[in-house]
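Could you have a look at this structure, given as structure tokens, before my questions?
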Amino acid sequence: MQRKVIVLLIGLILVLFVLSPIFSQKTMAQEDEWNKYVGYADEIVFKVITGMDEQILALRKGEIDLIGDMVDPEFLPQLLGEPSVQVAYTDRLGFGHVSFNCQLFPVNISAFRKATALALDKWKVVNEIWSGFAIPIDSPVPSLLGEYSIEKEITKHYYDKDIEAAKQVLEGAGFVDTDSDGWREWDPDGDGIGADLNGDGVPNDDVVVRIGGAAESTIATRCAQVVAECLREAGIKAEADVRDWNSLMAEFMFQGKLEAMFFGWSLTRDPDHLYDFWRSGQLYNEIIYRYHNPEYDETVDDMMVATTKEEAIEYAKKAQWILYEDQPIIPIYQNTLLSAFRIDKWTDLVNAKGDGVPNFWTWTQARLKTGEFGGTFRVSLPEPPDTLNPLSTDSAYSWMVLGCIYESLIAVHPYTWEDLPWIAKSWSIETVDDVEYGKVMKITFNLIDNATWHDGTPVTADDIIFSFWLVMYTQAPFIVADDHVINVTKVNDYTVTVYDFKPGFFEFHRVAGMILLPMQVWANPTVFGKTGFSPSDVKSVIDQYASADWKAMNETLTEMFQDAGLTPDLILGYEPDESTLIGSGPYKMKEIRVGEYYDLTVYEDHPYCIRKVVKPTAPPTTPPPTVPLSLIHISEPTRPLYISYAV
């Protein structure tokens with residue numbers, strides 16, 4: 001019956017897409033016309049507007065040009081009949097889920113997690129909360145990743161609610177109602193007396209579980225409530241803990257005091273999150289899931305050194321089957337991304353599969369319909385950034401802003417998934433022998449010679465080397481580009497070589513995604529209220545050692561930073577302002593009003609700025625064809641591999 005409901009819903013949705021002009025995508029940039037030039041708008045303003053209802057209202061009133069978040073289907077009726085508003089749609093490369101802290105009772109017990117999966121009604125989430133704009137899933141590798149995913153191979157799904165099966169699993173694991181009050185206690189010995197869970201010397205304490213859900217999102221709130229409701233049906237005293245996103249994430253991730261949380265992950269084109277999220281010792285695992293399984297660790301280690309796609313697929317699937325059995329995470333849905341935007345002023349927005357319209361290429365390629373350069377493109381920011389320190393955040397809301405400022409060595413084509421030359425104009429990859437590590441990957445990047453920082457300073461090999469070193473020194477928590485790097489050497493001012501001890505199929509994309517940071521800011525003690533050396537001193541050390549002796553360079557720079565009081569904690573805790581948010585990206589920071597707006601202005605000296613290449617011309621009067629649903633996901637030129645969303 002559930003399947004029939006969703007099929008009917010999807011059918012109705014498709015009819016709506018065809019019949020309603022709101023779903024026309026004629027303002028989208030087309031694959032055959034797309035190029036990587038940026039900087040059409042004079043300014044991009046990210047306005048903090050929390051709550052989907054308020055964002056919808058701002059869009060209808062013309063106060064913003066694009067909603068910077070996925071639109072909750074519940075609000076679509078408010079957009080119908082708005083002639084200046086359209087909605088684009090694409091499948092999400094990501095998913096909504098329940099994450100467990102596998103070190104906290106009772107979710108440290110795999111049977112309890114399995115019982116939760118059995119009790120959960122995924123079809124209710126899909127049908128009632130997402131109105132059919134989603135599909136239920138059991139694997140954390142979405143089907144958009146094709147042959148890497150086991151979703152279509154699973155024969156016994158957790159899609160349907162099965163309370164009786166959940167009760168049997170709970171009782172078999174010692175979760176029974178020992179005092180006949182309707183709630184289960186923990187009786188692992190089977191003696192009929194529930195454990196003293198509160199530590200007050202009184203037995204028969206009810207098992208209590210909290211499931212966090214961000215108050216800013218009605219979807220997150222309702223999903224957390226559904227999980228709690230289903231557990232209560234199975235006799236577990238569960239409650240939805242609904243409050244603001246930042247405080248929930250702080251308690252769940254950094255304090256480790258919340259048993260479970262509902263939120264969403266957005267991923268990239270490789271399934272290496274299987275390694276980063278659940279491998280023992282990896283940061284995401286140790287601050288979120290705290291899941292430890294030696295068999296799993298060995299499997300994802302093998303995946304990361306697999307040199308062929310076939311081997312990588314084999315180990316990726318094996319890892320998913322282990323997660324399917326242990327359930328440290330309950331994947332719930334993969335949703336359709338709905339993006340709402342105005343069409344009365346701007347054109348050439350990019351609907352990237354996996355990201356939707358709110359993405360780097362839209363910010364930087366939206367152009368006035370008159371064909372002129374200029375204007376202010378306004379985007380809602382659903383939540384204030386937790387920080388604008390690029391070394392310290394994985395928040396999607398922070399990276400909406402930071403992604404315009406900072407760059408990495410390559411970008412990714414929004415429609416074909418191809419690697420795009422960016423700060424690196426070309427590269428070569430080979431496997432070489434290392435005395436200590438054996439077979440290692442050697443990547444040589446040849447840089448463009450016309451990239452500059454926003455203060456006009458050239459971007460050179462020294463900056464690339466410093467960026468790798470700083471990320472390693474600070475152990476930047478959400479950047480994985482340096483995880484397996486053992487050496488970065490300078491060939492000349494515009495050529496660097498990176499040595500990586502995991503010569504695997506996915507590794508190049510990780511390394512090439514390194515965020516690039518300017519020495520004049522991050523190697524300047526006065527920025528952090530310290531003294532002791534200057535950026536030129538750091539450059540001298542790099543020039544002295546980086547062509548031959550990474551170890552000596554590392555030791556020298558570490559000593560310099562430590563002696564000056566530039567500790568990793570100080571750097572990671574620093575909050576940049578307009579004067580220090582200096583990157584090499586197509587837009588630079590103009591003004592910050594914390595909690596209100598973030599105003600960026602075009603950097604006309606960017607090597608790919610359209611203003612350096614052509615004069616503005618009016619777009620064609622004939623609208624381009626409808627965007628196909630087969631558009632490919634984009635990884636923004638700079639951001640962590642994974643970013644977290646409320647849903």
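The values are calculated or read from the model by the stated rules, or taken from the named source; none is laboratory data. These figures come from a predicted structure and were not determined experimentally. Every residue, glycine as well, gets a Cβ built from its backbone with ideal geometry; the counts of neighbours run over all protein chains shown. For accessibility, only protein heavy atoms count, side chains too; no ligands or nucleic acids. Shrake-Rupley method; radii C 1.70, N 1.55, O 1.52, S 1.80 Å.
If I ask for residues that are part of a helix (DSSP H, G or I) and open to solvent by 10 Å² or more (accessible area, probe 1.4 Å), which ones from region 258-305 would you list?
Selection gives Tyr275, Leu283, Glu286, Ile287, Pro294, Glu295, Asp297, Glu298, Asp301, Asp302, Val305.
Condition first: open to solvent by less than 20 Å² (accessible area, probe 1.4 Å), polar (S, T, N, Q) and free of Cβ contacts under 8 Å to residues at least 24 places away in the same chain. Can you find one or more residues in region 392-402 that meet it?
Scanning region 392-402, I find at least one residue that is open to solvent by less than 20 Å² (accessible area, probe 1.4 Å), polar (S, T, N, Q) and free of Cβ contacts under 8 Å to residues at least 24 places away in the same chain, so the answer is yes.
Continuing with this model, one more query. Based on what the data block shows, is Val207 in contact with a Phe, Trp or Tyr (Cβ under 8 Å, 6 or more places away or on another chain), touching a residue at least 60 places away in the same chain (Cβ under 8 Å) and under 25 Å from Gly174 (Cα atoms)?
Yes, satisfied.
Spot the failing condition for Tyr406; the list is (1) buried (at least 21 other Cβ atoms within 10 Å of the Cβ); (2) in a strand (DSSP E or B), and only one is missed.
The number of the failed condition is (2).
Taking the options Ala523, Ala481, name whichever one is closer than 23 Å to Pro568 by Cα and touching a Gly at 6+ places or on another chain (Cβ under 7 Å).
Residue meeting the stated conditions: Ala481.
Return the residues of region 342-385 that are in a strand (DSSP E or B), within 26 Å of Trp245 (Cβ to Cβ) and in contact with a Gly (Cβ under 8 Å, 6 or more places away or on another chain); say none if nothing qualifies.
Passing the criteria: Gly354, Val379, Ser380, Leu381.
Now for a different question. Going through region 511-520 one residue at a time, which ones are hydrophobic (A, V, I, L, M, F, W, C) and under 26 Å from the mean Cα position of the chain (by Cα)?
Scanning region 511-520 gives Val511, Ala512, Met514, Ile515, Leu516, Leu517.
Return the residue satisfying two criteria in turn: it lies in region 157-166 and is out of contact with any Asp or Glu (no Cβ under 9 Å at 6 or more places or on another chain) and either in a loop (DSSP other than H, G, I, E, B) or of a type in the set (D, E, K, R) (or both), and of such residues it is surrounded by the most Cβ atoms within 10 Å (Cβ to Cβ).
Checked region 157-166; the qualifying residue surrounded by the most Cβ atoms within 10 Å (Cβ to Cβ) is Asp162.
Which of (1) within 17 Å of the chain's Cα centre (by Cα); (2) open to solvent by 10 Å² or more (accessible area, probe 1.4 Å); (3) under 20 Å from His273 (Cβ atoms) does Asp419 not meet, given it meets every other one?
Against the list (1) within 17 Å of the chain's Cα centre (by Cα); (2) open to solvent by 10 Å² or more (accessible area, probe 1.4 Å); (3) under 20 Å from His273 (Cβ atoms), Asp419 comes up short only on (1).
If you check every pair at least six apart or on different chains, which have Cβ atoms under 8 Å apart with a residue in region 482-509 that is more than 21 Å from Asp463 (Cβ to Cβ) first and a residue that is open to solvent by 40 Å² or more (accessible area, probe 1.4 Å) and assigned to a helix (DSSP H, G or I) second?
Here the result reads Lys502/Val305; Pro503/Val305; Gly504/Val305; Phe505/Lys309; Phe505/Glu311, each pair linking region 482-509 to a residue that is open to solvent by 40 Å² or more (accessible area, probe 1.4 Å) and assigned to a helix (DSSP H, G or I).
Considering (1) surrounded by 23 or more Cβ atoms within 10 Å (Cβ to Cβ); (2) among the charged types (D, E, K, R); (3) over 25 Å from Asn450 (Cβ atoms), say which one Asp483 fails and leave the rest.
(1)
For region 188-207, enumerate the residues that are over 39 Å from the mean Cα position of the chain (by Cα) and buried (at least 20 other Cβ atoms within 10 Å of the Cβ).
The answer is Gly194, and nothing else.
Identify all residues within region 306-321 that are surrounded by fewer than 18 Cβ atoms within 10 Å (Cβ to Cβ) and not in a loop (DSSP other than H, G, I, E, B); write none if there are none.
Lys309, Glu310, Glu311, Glu314, Trp321, listed by residue number.
Do the conditions hold for Ala250, that is, is it in a helix (DSSP H, G or I), under 30 Å from the mean Cα position of the chain (by Cα) and within 21 Å of Asp72 (Cα to Cα)?
no
Let me ask another. Please enumerate the residues belonging to region 138-155 that are among the hydroxyl-bearing types (Ser, Thr, Tyr) and in a helix (DSSP H, G or I).
Ser143, Tyr148, listed by residue number.
Within the group Asp191, Asp200, which residue is among the charged types (D, E, K, R), assigned to a loop (DSSP other than H, G, I, E, B) and under 22 Å from Ile109 (Cα atoms)?
Matching residue, one of Asp191, Asp200: Asp191.
Search region 489-518 for residues being open to solvent by less than 30 Å² (accessible area, probe 1.4 Å) and among the charged types (D, E, K, R), and hand back the single one that is modelled with the lowest pLDDT.
Looking at the filtered set, the residue picked out is Lys502.
Same structure again: I'd like to check something: does region 210-225 contain any residue that is open to solvent by less than 10 Å² (accessible area, probe 1.4 Å), of a type in the set (S, T, N, Q) and closer than 19 Å to His97 by Cβ?
no
Residues in region 167-176 that are open to solvent by 30 Å² or more (accessible area, probe 1.4 Å) and either part of a helix (DSSP H, G or I) or touching a strand residue (DSSP E or B) at 6+ places or on another chain (Cβ under 6 Å) (or both): how many?
5
Does region 576-593 contain any residue that is surrounded by fewer than 23 Cβ atoms within 10 Å (Cβ to Cβ) and touching a Pro at 6+ places or on another chain (Cβ under 7 Å)?
yes
For region 339-391, name all the residues that are among the acidic types (Asp, Glu) and more than 27 Å from Phe478 (Cα to Cα).
If the condition is that a residue be among the acidic types (Asp, Glu) and more than 27 Å from Phe478 (Cα to Cα), then Asp344, Asp348, Glu372 are the ones that fit.
What's the number of the condition Gly235 fails, among (1) modelled with pLDDT under 95; (2) closer than 23 Å to Gly174 by Cβ; (3) of a type outside the set (Lys, Arg); (4) crowded, with 18+ Cβ neighbours inside 10 Å?
Only one criterion in (1) modelled with pLDDT under 95; (2) closer than 23 Å to Gly174 by Cβ; (3) of a type outside the set (Lys, Arg); (4) crowded, with 18+ Cβ neighbours inside 10 Å is unmet by Gly235, namely (1).
With the requirement that a residue be in contact with a Phe, Trp or Tyr (Cβ under 7 Å, 6 or more places away or on another chain) and within 18 Å of Phe262 (Cα to Cα), what does region 79-96 give you?
Residues satisfying the conditions are Gly94, Phe95, Gly96.
I'd like to know if region 416-439 contains one or more residues that are under 30 Å from Phe254 (Cα atoms) and part of a loop (DSSP other than H, G, I, E, B).
No - not one qualifying residue is present in region 416-439.
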